[in-house]
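Below is one structure; the comments refer to it alone.
The values are calculated or read from the model by the stated rules, or taken from the named source; none is laboratory data. Keep in mind that this is a model prediction, so the values were computed, not measured. All Cβ positions, glycine included, derive from the backbone under ideal geometry; neighbour counts span all protein chains shown.
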Amino acid sequence: MNHKTRVALLMTGLVSLQGGLAQDTIDNQNVEDIDETTVGRDRQWSLGIGVGGEYDDNIYRTPNNETDSYKIHIRPRFQWEGLQGPNRYTLNYQAEAGFFSHNSDNNYFDQVLSAQAAFNPDVRHSFNIDGSITSSHDPFGLERTEGLERDDQDDPDKWYAWGIGGKYLFGAPEARGNLEFRGGYYRKEYTNNHEYTDFMDYQTFDLGSSFFYRVAPATRAVFSADYTDTSYDNRLDGSNDRDFQTYRLRAGVTWLATAKTSGEILGGYFWNDFDSREDNEGFDWRVNVNWLPRTYSTVTLTSGLSFVEGNTTETNTIETRDIGINWQHQWRDRVSSNVFADYINADHKGIDREDDIWSFGASVNYALGRNYNLNGGYRYTDRDSNDDAYDFSRNVFFLDFNAEF
């Protein structure tokens with residue numbers, strides 16, 4: 001199947017869904033939570049601050065000669081929300097400043113500003129728009145510095161990113177058929193160490209559509225089609241040879257909360273068209289299931305296939321397959337806990353590298369009052385690669401204090 005045929009097939013799948021009716025409120029919690037009887041305007045805001053510390057026994061994620069460090073972090077946050085009838089507007093700002101006991105060159109200040117707007121002119125039409133601007137960094141030992149020995153004269157790679165996305169939802173929530181169209185753009189640029197980081201600047205553009213058909217009061221069949229175009233700024237040997245396009249077709253089921261479960265299970269097919277090497281394709285899936293054995297206890301199972309931007313000059317994309325389980329439990333009015341375990345298989349397309357990454361952890365949260373809490377715990381990560389230079393294990397112990405105003 002050539003490139004033009006695949007584009008035609010995908011676009012046919014997108015537009016053919018227009019015979020459906022309405023949007024799926026399951027996939028649009030912002031709209032679902034709005035009380036459409038609200039009149040006039042209502043605004044509210046909140047401030048928050050988090051202060052904490054952690055001990056990391058391998059901050060550079062190296063297989064040998066591990067370096068440990070303590071870190072103090074401060075996390076201020078702000079949220080504003082405005083309601084006007086059935087419409088909702090939100091603005092969020094979050095920042096994090098980190099300070100290391102080993103080598104102050106690792107210190108950082110990250111921040112993200114995001115905004116969302118949900119417009120509902122009538123029961124059959126809904127529009128959702130969101131955007132964000134991020135200033136952040138890659139800790140040494142991640143992205144391009146994986147497997148490298150730390151040079152104390154190098155600053156961590158810093159980057160800037162922005163993105164915008166939107167959804168159009170057509171039809172009444174109680175309709176038997178439901179339709180959603182979506183699209184988005186994302187751009188990421190590195191702002192220092194340009195000699196080493198320019199090859200990682202990239203942008204993505206995506207389109208998608210889903211059709212939902214109600215087969216039971218709380219259950220809907222789902223059919224979806226998605227297209228993503230990824231392009232890198234650098235051109236090796238004068239060609240755009242790291243760019244690629246991803247196509248995904250899925251079908252499955254999604255359901256609202258019953259007495260015990262809620263979630264979605266989707267399966268299908270994907271294929272990647274690469275500009276300069278052999279294409280690949282295979283089974284595609286996404287699972288997200290919540291099980292409530294008790295009203296105060298939730299077990300979440302997740303699994304799926306995803307694609308992450310390449311972090312070497314030869315890597316187009318990193319194809320990941322993951323499975324994870326999370327258990328949240330409320331022991332007392334003030335005491336709750338969280339336990340998780342994850343496994344990721346990461347196949348670096350373009351080079352001979354494949355990683356198996358295991359992680360697990362646990363935390364306990366204690367509410368000091370209505371707006372104050374303490375949270376402490378432990379995380380462990382182990383990466384086993386077919387290239388020994390990328391192996392590492394890491395233990396992190398942390399304690400945080402959080403306040404909301």
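For this structure, a couple of remarks:
- Conditions (1) surrounded by fewer than 18 Cβ atoms within 10 Å (Cβ to Cβ); (2) more than 30 Å from Trp291 (Cβ to Cβ): number failed by Thr230: (1)
- When we screen Gln84, Gln23, Gln79, Gln18 for residues that are at pLDDT below 95 and within 27 Å of the chain's Cα centre (by Cα), the only hit is Gln23.
- Lone qualifier among Phe205, Phe199 - being of a type outside the set (Ser, Thr, Tyr), part of a strand (DSSP E or B) and either touching a strand residue (DSSP E or B) at 6+ places or on another chain (Cβ under 9 Å) or under 30 Å from Asp155 (Cα atoms) (or both): Phe205
- Residue pairs meeting the criteria (Cβ under 6 Å; at least 6 apart or on separate chains; first under 21 Å from Asp105 (Cβ atoms), in region 61-83; second of a type in the set (Ser, Thr, Tyr) and assigned to a strand (DSSP E or B)): Tyr70/Tyr55
- Cβ-Cβ under 8 Å pairs, at least 6 apart or on other chains, region 285-302 side outside any strand (DSSP E or B), far side at pLDDT 95 or above and surrounded by 15 or more Cβ atoms within 10 Å (Cβ to Cβ): Tyr296/His329; Tyr296/Gln330
- Residue in region 152-166 that is at pLDDT 90 or above and part of a loop (DSSP other than H, G, I, E, B) present: yes
- Unmet criterion (only one of (1) surrounded by 15 or more Cβ atoms within 10 Å (Cβ to Cβ); (2) in contact with a His (Cβ under 9 Å, 6 or more places away or on another chain)) for Thr320: (2)
- Check on Asp382, closer than 19 Å to Thr62 by Cβ, surrounded by fewer than 17 Cβ atoms within 10 Å (Cβ to Cβ) and acidic (Asp, Glu): yes
- Residue check: Gly141 meets all listed conditions (1) in a loop (DSSP other than H, G, I, E, B); (2) free of Cβ contacts under 8 Å to residues at least 24 places away in the same chain; (3) under 21 Å from the mean Cα position of the chain (by Cα) but one, namely (2).
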